[in-house]
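Q: Submitted below is the structure of interest, expressed as C-alpha cells.
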Amino acid sequence: MSDSYESAANSNETVASFGQPRSFAHKVQHALHVTPSLVPLMVLMAAILGFAIVLGDKFLSPFAMTLILQQVQIVGIVALAQSLVILTAGIDLSVGAVMVLSSVVMGQFTFRYGLPPEVAIICGLICGALCGLISGVLVAIIKLPPFIVTLGMWQVVLATNFLYSKNETIRSQDIEANAAILQFFGSRIEIGGAIFTYGVIFMILLAFLLAYALRYTAWGRHVYAVGDDPEAAELSGVNVRRTLISVYVLSGLICAFAGWTLIGRIGSVSPTSGQLSNIESITAVVIGGISLFGGRGSILGTLFGALIVGVFTLGLRLAGADPQWTNLLIGMLIIAAVAVDQWIRKVSA
Amino acid sequence: MSDSYESAANSNETVASFGQPRSFAHKVQHALHVTPSLVPLMVLMAAILGFAIVLGDKFLSPFAMTLILQQVQIVGIVALAQSLVILTAGIDLSVGAVMVLSSVVMGQFTFRYGLPPEVAIICGLICGALCGLISGVLVAIIKLPPFIVTLGMWQVVLATNFLYSKNETIRSQDIEANAAILQFFGSRIEIGGAIFTYGVIFMILLAFLLAYALRYTAWGRHVYAVGDDPEAAELSGVNVRRTLISVYVLSGLICAFAGWTLIGRIGSVSPTSGQLSNIESITAVVIGGISLFGGRGSILGTLFGALIVGVFTLGLRLAGADPQWTNLLIGMLIIAAVAVDQWIRKVSA
Amino acid sequence: MEPVLKARNLVKRYGRVTAIDNCDFDLYPGEILAVIGDNGAGKSSLIRAISGATIPDAGEVWLEGQKVAFHSPNAARSAGVETVYQQLAMSPALSITDNMFMGREIRRPGILGKWFRMLDRPAMQKFAREKLSELGLMTIQNINQAVETLSGGQRQGVAVARAAAFGSKVIILDEPTAALGVKESRKVLELILDVKSRGIPIILISHNMPHVFELADRIHIHRLGKRICVVDPSQISMSDAVALMTGAMKPDDIPA
Amino acid sequence: MEPVLKARNLVKRYGRVTAIDNCDFDLYPGEILAVIGDNGAGKSSLIRAISGATIPDAGEVWLEGQKVAFHSPNAARSAGVETVYQQLAMSPALSITDNMFMGREIRRPGILGKWFRMLDRPAMQKFAREKLSELGLMTIQNINQAVETLSGGQRQGVAVARAAAFGSKVIILDEPTAALGVKESRKVLELILDVKSRGIPIILISHNMPHVFELADRIHIHRLGKRICVVDPSQISMSDAVALMTGAMKPDDIPA
Amino acid sequence: DGHSTSACLITKTDTNPFFVKMREGAVAAAEANGVDLQAFAGQFDGDHETQVAAIETCIASGASGILLTASDTSAITVAVQQARDAGLLVIALDTPLSPADAADATFATDNFEAGRLIGAWAAGQLGDAAADAKIGLLNINQSQPTVGVLRNQGFLQGFGIELGDPNRWGDEEDPRIVGHDVSNGAEEGGRTGMESLLAIDPMINVVYTINEPAAAGAYEALKSIGREDDVLIVSVDGGCPGVTNVAEGVIGATAQQYPLDMARLGIEAIAQYAKDKTLPETSPGLDFFNTGVALVTDSPVEGVPSITSEEGLELCWG
Ligand SMILES: Nc1ncnc2c1ncn2[C@@H]1O[C@H](COP(=O)(O)OP(=O)(O)OP(=O)(O)O)[C@@H](O)[C@H]1O
Ligand SMILES: Nc1ncnc2c1ncn2[C@@H]1O[C@H](COP(=O)(O)OP(=O)(O)OP(=O)(O)O)[C@@H](O)[C@H]1O
Ligand SMILES: [Mg+2]
Ligand SMILES: [Mg+2]
C-alpha cells in the first residue's frame, strides 16, 4: 500500500525556484553578507575619511598613513595568529608572552651563547612553535578549555621570559653592530613620504597567505569546520586533533615571527614588551568580525580590525585628545564599530 | 492498514529499566558529576593539605587561613558577578573597572561634594548597576557580543574613573575620621587567631544567596537556559532579554559592592585598584568549573576557585618562592587543576 | 464559523529565498488541521511566523477574531498558543522537569514562594512524571535527568508532552513523530486525539501520510511558500494529495 | 558466508545507563539489514560504536574478517564504512559542497594542487550537484549555500547523498528519512536500492515499518541494548515484529 | 635559612630592571648581614592590591621588617600601619609614602629633583632656544602613578615651565608642550608614543622620557625619520644600558638613581632594628634619607652639577 500513494511523488520533476531578483541595495547588502571582511573595511574607510575631513593633510599624508601601518604591525601580526585560534572557537591569551619569549631567545642566543644570529632566529622560531605545540596538545588531546590553557601558558611563558632574560635589555646599538639581521624587519622602503618597513610588508603578505590557506585549501575548511562544531567535524571525517594542534603550532610560529618583527621595530630586545598584545589582538580580531564562538569570519577582517584601532588611536592623538580621553573614545568606538557591523549584517540577512 | 501493525505496540506496558547498581567508587564519581562544585572543593582541600604538610603551623594557623579569605575577598566577590555573566555564555571584562569607579564615586561624592556617606554609597551602588545596565542593554537588545561590549566598557569606565578621580587617592585617615561607614566591610571579628572581616562574611553570604537563587528560583533556571542555548530558551518561553539584562545589572551591582568592600580592605579610595580583577575573576570562575560556553557549572565552584588561587599564592609565598617562580607555578597549577577536574568528569561520565 | 487562528498574506524572506510567499492560513475550532508539503516548502517557516518565533515581513494574524502580532514565542504562549518546533527548543543541560516548566514555573505556596521565590520542585516533578507516563515514555529513568542524556525520540516525546500539557487555545506540532518509534508515535497520535476531544484545535505538520489521513479533519497543502489548497481527507486519495503537494496535479484538477 | 561486518559482546555504558548491553551484530555481503527498536533501545549507540564515533567499553568488531577497532569516524570512513548519524554531523556555516567533501577534498591537478594545495572547487561543485540531483533535491538553489540555511529535510538529503557517494564497503543510515517528505523519502529508498545493486551492504535504522519491510533482507530487532533476534521480513508480519521489539512477544513465540 | 632575622622586599613590579637590581642588591646585603629575604612584587606599576597582600603575607611569615616601594603611596598606608602594629619595621624605598611618616624610615631618590635636574640640563643645553622649544613628554601610563608625576613635573619645572596642579601631568598651559603620551616604561610604548607625538608636530626637539627603555624606543622613532641627531632626549634611572646610551649620544642626559644603595641601607637598618630596636636617621632637612641622584651627561651645563658617562658607568646598576 505504501507504494500506492508514494509513487505519486515521482510524477513531477520541475525544479522549484522561488528566489526573485532584488534591488541594487539588496545586492550590496548581499555582497556584504557573503564577504564579511567588507564590513570592517567600510568602517575603516569611514574612519579614515572622518579623520581626513577633521584633520586634513596632517592625517592624510603618506607619512601619517604609513605610520599607522607601522604602529599596527606587531599587533597586526599577532592578531593574525589570534584569528586562527579564534576561528577554531579557542582563544590565545599567551600570544604576547610567546612573542616576547621568542624575541628574547633570538637575542640571548646570539649575545649570551654567541650563536650566529641566523641560527638564533631559527631557535626563536622553534621556541614559538613549541609553545604553540604545548597549548595545542593540551587543548586538542587533553581537551582542556583553550582559555584556561593559554591563561596558564601566558603566566608560565611570561615568567620564563623574565627568569631567562634576567630582565636584561639588549641595546639596539649592540644589535646593529653585531647581529643586524635581527633587525631585518625594521628595514624600510621609502616611496614619496610613504615609509614601508619590511615588517609591514610581512604583515600584509601573511594576511593574504592565511586568507588563501583558509579559503582555498582543505586545511582551511577544516579549521572552519572545527570551530563551527567540533563534534560534527569529527563525525564527518575531519581529524580534529591534528587540525587543532596545527593551528596552535602555526599561531605560536607566527607569534615568534612577530617577536622578530618586534626587534626590528623597537631596535632592542626587551623582555618587558608586548604585555598588552593579548587584549589588543583580541580586540582587532573581534572588530574585524570574526566570531568568538568560532567558525565564522574572514582573516582579512582582522587586518582591517587592527587598522581601525590604529587609525583611531593616531587620529585622536593628532586631534589633540589626551591619552585618557583617547582610551575613552576608543572604548566607545569598539562598541560602535561592532554595532554598525551587526546592523549591516541584520539588514542584509 | 497502519493500525494493523501499530496496534501491536500497545500490548506491552512493562517499564523498561536497564540501569544496574554500581560500586561505591562509581557512586562517588556520580556524586561528583551531579554536584560539579565538589571537584574544585576537593582540589582546594588537597592544596591546603599539601601546603599544611610542607609548611606546617605557619600555614595552618587560624591567622594564615583567614588571611587567605581576606586576600581573596575582592576577587571572590567580583568572581561571583563574573560567574553570573559567564553562566549566560557571556564574559565581563569590565568588572574591575566598574568596581573601582563605584568606589571612587562613593569616595568623591562624600569628600568632593560633601554628601552624607550613606547617600554617596547608594550613588556608588547605582553607578555600578548603571554600568551593568548599559552592558546589558547592548548585549541583550542590540545583540552585540558580550566580549566586545565589556571590552569597550572596560576602556570607557576605566578612563572615566581616571578622569573623574583626577588620579587622586582619598586617604584612609580622612575616611576614618569623616566617613567611617565607607570602611564598613573592613570591620573585623576576631575568634582566637582567626580574623573575619565583614567583607569576607559578605562574600560567603553572597555566594550562598546566589547559589540559592540559581538553583531554587525560576530566574536561576532561566539564567542557565539562556546560557545553554538562547534560541531554545526563547522558543521555550524564557524572556531572554529580560534575563540577560537582569544578569548584567546584578553583576554591576555586585561589582559596586566589591568596590565598597575594597574601601574596607585597603582603607583608602584609590583609582588605580582592580586593574587585574577581570582576568583574576575569570580565572577563579573557570578553575571553579563553570564552562565559558555558558549554562554549566555551580557558583559555589567559583568561590572555591578563588580560594584555590589564594591558597597557592599564599602558600608559595610562605614557602619562599620568588614572585616569578610563583607566577610560573600558578600558571602550571591553573592548567593542572583544570586537567584534574576534566579527568574526574570523564571518569564519572 | 469564525477561525480560531487566521493569517492573511504572510511574507517572510531570508536573503534571496522567499520562505513564505503571501500565504493564507485558517484553523477552525476543535479541528485537527494537517499541513503537508515538500521539504523546504516553508511549513516550518509558516508556523514560526504564526507563533512568534520569527516576525513576518508582512501579513496579519488573528487569534479568535482578535488581531495579534506575537513578538516572541512567549507572547504566543501566554495567549494560549503552544508550539513544538522542529528543532526541539530544549536546554540540554537542564532537567526534564526544568524544561517542561521553562517560563511558567510553579512557586512554593506561602512565604517561601512569595518572598524567597522558591520553586515547588516536588509539584513540578509530579506533574512532569504524570504527563510523560500518559505518553508512555516510561523508559525515561529519572525525571531529573538532563535532557542531553535522552535519545532523540525521548526528547521529542518530552516536547510533545509539554505542549499538550499547557496549550489552551491552539497546539502546533511540527513533525512531532519524526524521530519517534512505532509505539511512541502511536502514543502521540492518541494524545493528539485526546487533546482534540478536549476541544482544542491542533495544527499538525507531518510527512507521514497515513498518520495525516487518519487524524486530520482538513489538510492544508503547502507548496513553494504558499497554501495551494485545503482538502478534505475523506474526499481525496493519498496519491492525489501527494500529487498536489509535489505539483504533479493542479488544485483545479481535483476530482469533485 | 562470512559477514562483512560482525560485532560480538559490545558494551557501552553512560553513567548508570547501559546503552549497549553485550550486543552482537552481523551484516552479510550485499544485503540490506534493518535495525528496529523502541526509542532509547540503543540503536544509535550501537552504530556509533561500530563506526568509531564512540569507543565501546568492551567487545570486538570485524570488518571483512579482519578485526578492527576504529578510534574515530575517520578511521572507519577510510576503511570504507560510511555513516549518516542521527544528529547530522554538518558544519552549519560551511557550504553544501564543503560539507560533502569534508575530510576528502579534491585538490587541483598540477602545481596549484600539489604545492599550493589548492582545492578544485569546480570539480567538487559539479560532483555535489550531480549527487543532489540524483536524490531529487532540486529545491536547493545554490550548491554554495551554507548548510544552516537549509530546511531540516534538505540537510538530511545532503547527508544521505554524501554517504551514498563515498561509501565503498558498508553504508550505515540512522533514520535517514525521519525528516524527509514523501517525495524525498522515496528518493532515499530508491537510492538505497541503487546502492545495494552496486553490491554494497547497508544498515538501515528506521521507525517506518512499511519502509523497513519493503527494503530489508533481514531485520535485526533491538531491545534494551541488545539484539533479541533477527527475522526475515518475508516470514513475519509487521505486527509480530513490532510486538517483538516492544517486548509483547518473546522470540521463542515466533510462529514458524 | 637558619637566620634569626627575616625581611621582606616588596617592589612595584619585578620586571622593571630597576627593581630587579634593587632586589639583587637586597639579596647581597641580606647575605652579608645574615638576614633571610623574601621578595614580592606587584603585577604592574600601580598595582597596590598585590602589595597589600604581600604585606599581610610578610606579617604571617613572621618577618622583622619590610622594604617597600609603594605603588600607591597613600592607599598602602593602612596595610603598613597593620605591619607596624604587628611589630615590623617598615622602610619605604625609592618612593616616600604619603604622609612620609607612615613608614618608619624612607631611603629614596628625590624623583622631583631627578626630573628637575634633567629639565634644567635640557634648558641649559638649548640656551636661548629654550624659549621656543617643542617638548614631547613620554610618561608611564594613564593611571599617573606618583613617581611618574614627580619626574614629569620636576622636569617641567626644571625646564622653566609653569605647572598646573603639581599632582598631575597634562594640565599645563605652556605652548611649548606639544603633548604628553604614555609609554608603559618600555621600548615599544616609547616608540609608539614618540611616533604619535611626531605626527602631532614633527619638529619636536626636546623629549622627556620616564625611563631609559622608553628613551631607547623614542630614539628608534626619531631615527626612522632621520631626526635622531637634532632632538634632545632626557631620561631618569641610570641603568647601565641607559648610561651606555648617554655615552653613545642616544640619550642627552639621565638622572641616575642608586637602587642598590637603597636596598643595602634598608637591609642594614632592618638587621640593626632586629638587634637593638634602633631606627635609622633621616637626611638633614628632609623627612627621608636621600640616597642621592646624579645627573649623567657628557655635555655638562653650567649651574647643573653632573657626572660623566664614564663615572656613571661605574655607578650604574644593571
Ligand atoms: N534562517 C533561515 N535563513 C535562510 N533561509 C532559511 C532560514 N530558515 C528557512 N530558510 C529557507 O526557507 C525555505 C523554507 O524552509 P522551512 O524550514 O520552512 O521548510 P519546511 O517546509 O519546514 O521543510 P521541512 O519539511 O524539511 O522541515 C527553505 O528553502 C530554507 O532553506
Ligand atoms: N551521550 C550520552 N550520555 C548519556 N546517556 C546517553 C548518551 N547517549 C545515549 N544515551 C542513553 O543511551 C540510551 C540509548 O540511546 P540511543 O540514542 O542509542 O537510542 P536509540 O535506540 O537510537 O533511540 P532513538 O530511536 O530515539 O534514536 C538512551 O537511554 C539514552 O538516554
Ligand atoms: Mg520544517
Ligand atoms: Mg537513535
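Q: Residues in region E:47-57: is at least one in contact with a His (Cβ under 9 Å, 6 or more places away or on another chain) and in a helix (DSSP H, G or I)? Please lay out each step first, then the result.
A: If we filter region E:47-57 for residues that are in contact with a His (Cβ under 9 Å, 6 or more places away or on another chain), which is where we start, we get none.
No, there is no match, as no residue in region E:47-57 is in contact with a His (Cβ under 9 Å, 6 or more places away or on another chain) and in a helix (DSSP H, G or I).
Q: Return yes when B:Met45 is open to solvent by 10 Å² or more (accessible area, probe 1.4 Å) and either touching a Gly at 6+ places or on another chain (Cβ under 6 Å) or over 23 Å from B:Phe162 (Cβ atoms) (or both) and no when it is not.
A: Values: open to solvent by 10 Å² or more (accessible area, probe 1.4 Å): yes; either touching a Gly at 6+ places or on another chain (Cβ under 6 Å) or over 23 Å from B:Phe162 (Cβ atoms) (or both): yes.
Considered against the rule, which asks whether it is open to solvent by 10 Å² or more (accessible area, probe 1.4 Å) and either touching a Gly at 6+ places or on another chain (Cβ under 6 Å) or over 23 Å from B:Phe162 (Cβ atoms) (or both), B:Met45 comes out as yes.
Q: Shifting gears a bit: Would you mention how many residues in region E:189-225 are within 19 Å of the chain's Cα centre (by Cα) and either within 10 Å of chain A (Cβ to nearest Cβ) or open to solvent by 30 Å² or more (accessible area, probe 1.4 Å) (or both)? Step through it out loud before you land on a result.
A: Within region E:189-225, the first condition is being within 19 Å of the chain's Cα centre (by Cα), and the residues that meet it are E:189-190, E:207-218.
Cutting the leftovers down to either within 10 Å of chain A (Cβ to nearest Cβ) or open to solvent by 30 Å² or more (accessible area, probe 1.4 Å) (or both) gives us E:189-190, E:212-213, E:216-217.
Residues meeting the conditions: 6.
Q: Continuing with the same structure: Looking at (1) at pLDDT 90 or above; (2) in contact with a strand residue (DSSP E or B) (Cβ under 9 Å, 6 or more places away or on another chain), which is the only condition C:Pro29 fails?
A: Every condition holds for C:Pro29 apart from (2).
Q: Among the residues that make up region A:272-282, is at least one of them open to solvent by 40 Å² or more (accessible area, probe 1.4 Å), over 15 Å from the mean Cα position of the chain (by Cα) and within 11 Å of another protein chain (Cβ to nearest Cβ)?
A: Looking for residues that are open to solvent by 40 Å² or more (accessible area, probe 1.4 Å), over 15 Å from the mean Cα position of the chain (by Cα) and within 11 Å of another protein chain (Cβ to nearest Cβ), one finds at least one in region A:272-282, hence yes.
Q: A further question on this structure: Filter region C:165-197 down to the residues that are of a type in the set (A, V, I, L, M, F, W, C), open to solvent by less than 10 Å² (accessible area, probe 1.4 Å) and touching a residue at least 40 places away in the same chain (Cβ under 8 Å) and list them by number.
A: C:Val170, C:Ile171, C:Ile172, C:Leu173, C:Val188, C:Ile192 - these are the residues of region C:165-197 that are of a type in the set (A, V, I, L, M, F, W, C), open to solvent by less than 10 Å² (accessible area, probe 1.4 Å) and touching a residue at least 40 places away in the same chain (Cβ under 8 Å).
Q: Follow-up. Quick test for you: out of E:Asn152, E:Asn141, E:Asn111, pick the one residue that is under 25 Å from E:Ala199 (Cβ atoms) and under 12 Å from the mean Cα position of the chain (by Cα).
A: E:Asn152
Q: Next question, about the same structure. Looking at D:Gln156, is it within 13 Å of chain C (Cβ to nearest Cβ), assigned to a helix (DSSP H, G or I) and within 16 Å of ligand 4 (Cβ to nearest atom)?
A: Considered against the rule, which asks whether it is within 13 Å of chain C (Cβ to nearest Cβ), assigned to a helix (DSSP H, G or I) and within 16 Å of ligand 4 (Cβ to nearest atom), D:Gln156 comes out as yes.
Q: Another question, if that's okay. Would you mind listing the strands (runs of 3 or more DSSP E) fully within region E:69-148 where at least 1 residues are crowded, with 21+ Cβ neighbours inside 10 Å, within 14 Å of chain B (Cβ to nearest Cβ) and modelled with pLDDT of 90 or more?
A: Per the criteria, E:135-139.
Q: Filter region A:165-205 down to the residues that are in contact with a helix residue (DSSP H, G or I) (Cβ under 6 Å, 6 or more places away or on another chain) and of a type in the set (A, V, I, L, M) and list them by number.
A: A:Ile170, A:Ile175, A:Ala179, A:Ile181, A:Leu182, A:Ala194, A:Ile195, A:Val200, A:Met203
Q: Take the residues in region D:37-81 that are away from ligand 2 (no atom under 16 Å from the Cβ) and buried (at least 23 other Cβ atoms within 10 Å of the Cβ), then tell me which one is nearest to the other protein chains (Cβ to nearest Cβ).
A: It comes out as D:Arg77.
Q: Here's something else I'd like to know. Where residues in region E:226-244 are within 26 Å of A:Ile195 (Cα to Cα) and of a type outside the set (A, V, I, L, M), which of them is farthest from the other protein chains (Cβ to nearest Cβ)?
A: E:Asp230
Q: Since C:Tyr28 meets every condition but one in (1) among the aromatic types (Phe, Trp, Tyr); (2) within 14 Å of chain B (Cβ to nearest Cβ); (3) under 18 Å from the mean Cα position of the chain (by Cα), which condition does it not meet?
A: (2)
Q: Anything in region B:193-223 that is hydrophobic (A, V, I, L, M, F, W, C), under 24 Å from B:Ser281 (Cβ atoms) and within 11 Å of another protein chain (Cβ to nearest Cβ)? List them, or say none.
A: Going residue by residue through region B:193-223, those that are hydrophobic (A, V, I, L, M, F, W, C) are B:194-196, B:200-211, B:213-214, B:218-219, B:223.
Cutting the leftovers down to under 24 Å from B:Ser281 (Cβ atoms) gives us B:195-196, B:200-211, B:213-214, B:219, B:223.
Matches in region B:193-223: B:Ile195, B:Leu209, B:Ala213, B:Trp219, B:Val223.
Q: Additional query: Does region E:151-164 contain any residue that is among the basic types (Lys, Arg) and in contact with a strand residue (DSSP E or B) (Cβ under 9 Å, 6 or more places away or on another chain)?
A: yes
Q: For B:Glu190, indicate whether it is open to solvent by 70 Å² or more (accessible area, probe 1.4 Å), within 30 Å of B:Leu60 (Cβ to Cβ), away from chain C (no Cβ under 14 Å) and not in a helix (DSSP H, G or I).
A: When the stated conditions are applied, B:Glu190 passes them.
Q: Are any residues in region E:274-318 hydroxyl-bearing (Ser, Thr, Tyr) and surrounded by fewer than 18 Cβ atoms within 10 Å (Cβ to Cβ), and if so, which ones? Lay out the reasoning, then the answer.
A: Step one: filter region E:274-318 for residues hydroxyl-bearing (Ser, Thr, Tyr), giving E:278, E:282-283, E:291, E:297, E:299, E:306, E:308-309.
Result: E:Thr278, E:Thr282, E:Ser283, E:Ser299, E:Thr308.
Q: Continuing with the same structure: Return the residues of region B:146-187 that are more than 10 Å from chain A (Cβ to nearest Cβ), assigned to a loop (DSSP other than H, G, I, E, B) and crowded, with 16+ Cβ neighbours inside 10 Å; say none if nothing qualifies.
A: B:Glu168, B:Thr169, B:Arg171, B:Ala179
Q: If you don't mind, there's one more thing I want to ask. Mind checking which residues of region B:236-253 are among the aliphatic types (A, V, I, L, M) and open to solvent by 10 Å² or more (accessible area, probe 1.4 Å)?
A: If the condition is that a residue be among the aliphatic types (A, V, I, L, M) and open to solvent by 10 Å² or more (accessible area, probe 1.4 Å), then B:Val240, B:Leu244, B:Ile245, B:Val249, B:Leu250, B:Leu253 are the ones that fit.
Q: If a residue counts only when it is at pLDDT 95 or above, which helices (runs of 4 or more DSSP H) contained entirely in region B:17-128 have at least 3 such residues?
A: Passing ranges, in order: B:62-87, B:95-111.
Q: Which residue, of C:Glu134, C:Glu214, is touching a residue at least 40 places away in the same chain (Cβ under 8 Å), of a type outside the set (Lys, Arg) and either within 12 Å of chain D (Cβ to nearest Cβ) or away from ligand 3 (no atom under 16 Å from the Cβ) (or both)?
A: Values: C:Glu214 fails: touching a residue at least 40 places away in the same chain (Cβ under 8 Å).
C:Glu134 is the lone residue from the list that is touching a residue at least 40 places away in the same chain (Cβ under 8 Å), of a type outside the set (Lys, Arg) and either within 12 Å of chain D (Cβ to nearest Cβ) or away from ligand 3 (no atom under 16 Å from the Cβ) (or both).
Q: Taking region C:185-222, which residues are within 16 Å of ligand 2 (Cβ to nearest atom) and in contact with a helix residue (DSSP H, G or I) (Cβ under 6 Å, 6 or more places away or on another chain)?
A: The answer is C:Arg186, C:Val188.
Q: Can you find a residue in region C:223-244 that is on the phi > 0 side of the Ramachandran plot, within 16 Å of ligand 2 (Cβ to nearest atom) and open to solvent by 10 Å² or more (accessible area, probe 1.4 Å)?
A: The answer is no; no qualifying residue exists.
Q: Being under 14 Å from D:Arg162 (Cα atoms), free of Cβ contacts under 8 Å to residues at least 12 places away in the same chain and surrounded by fewer than 18 Cβ atoms within 10 Å (Cβ to Cβ), is that true of even one residue in region D:109-127?
A: Yes, that holds for at least one residue.
Q: Same structure again: Taking the criterion of being modelled with pLDDT under 85 and touching a His at 6+ places or on another chain (Cβ under 6 Å), would at least one residue in region D:171-181 satisfy it?
A: yes
Q: Being modelled with pLDDT under 90, outside any strand (DSSP E or B) and either over 14 Å from C:Val84 (Cβ atoms) or within 16 Å of ligand 4 (Cβ to nearest atom) (or both) is the requirement here; does C:Val242 meet it? Spell out the reasoning first.
A: Numbers: modelled with pLDDT under 90: yes; outside any strand (DSSP E or B): yes; either over 14 Å from C:Val84 (Cβ atoms) or within 16 Å of ligand 4 (Cβ to nearest atom) (or both): yes.
When the stated conditions are applied, C:Val242 passes them.
Q: Sticking with this one: Quick one: is C:Val170 in contact with a Pro (Cβ under 8 Å, 6 or more places away or on another chain), more than 10 Å from chain D (Cβ to nearest Cβ) and within 16 Å of ligand 2 (Cβ to nearest atom)? Before you say what the answer is, go through the steps one by one.
A: On the way: in contact with a Pro (Cβ under 8 Å, 6 or more places away or on another chain): yes; more than 10 Å from chain D (Cβ to nearest Cβ): yes; within 16 Å of ligand 2 (Cβ to nearest atom): no.
The answer is no for C:Val170.
The values are calculated or read from the model by the stated rules, or taken from the named source; none is laboratory data. Computed from a predicted structure; not experimentally measured. Because the Cβ atoms are built from the backbone with ideal geometry, glycine has one as well, and the counts that use them run over all protein chains shown. Just the protein is used for accessible areas: all its heavy atoms, side chains included, with ligands, DNA and RNA removed. Shrake-Rupley method; radii C 1.70, N 1.55, O 1.52, S 1.80 Å.
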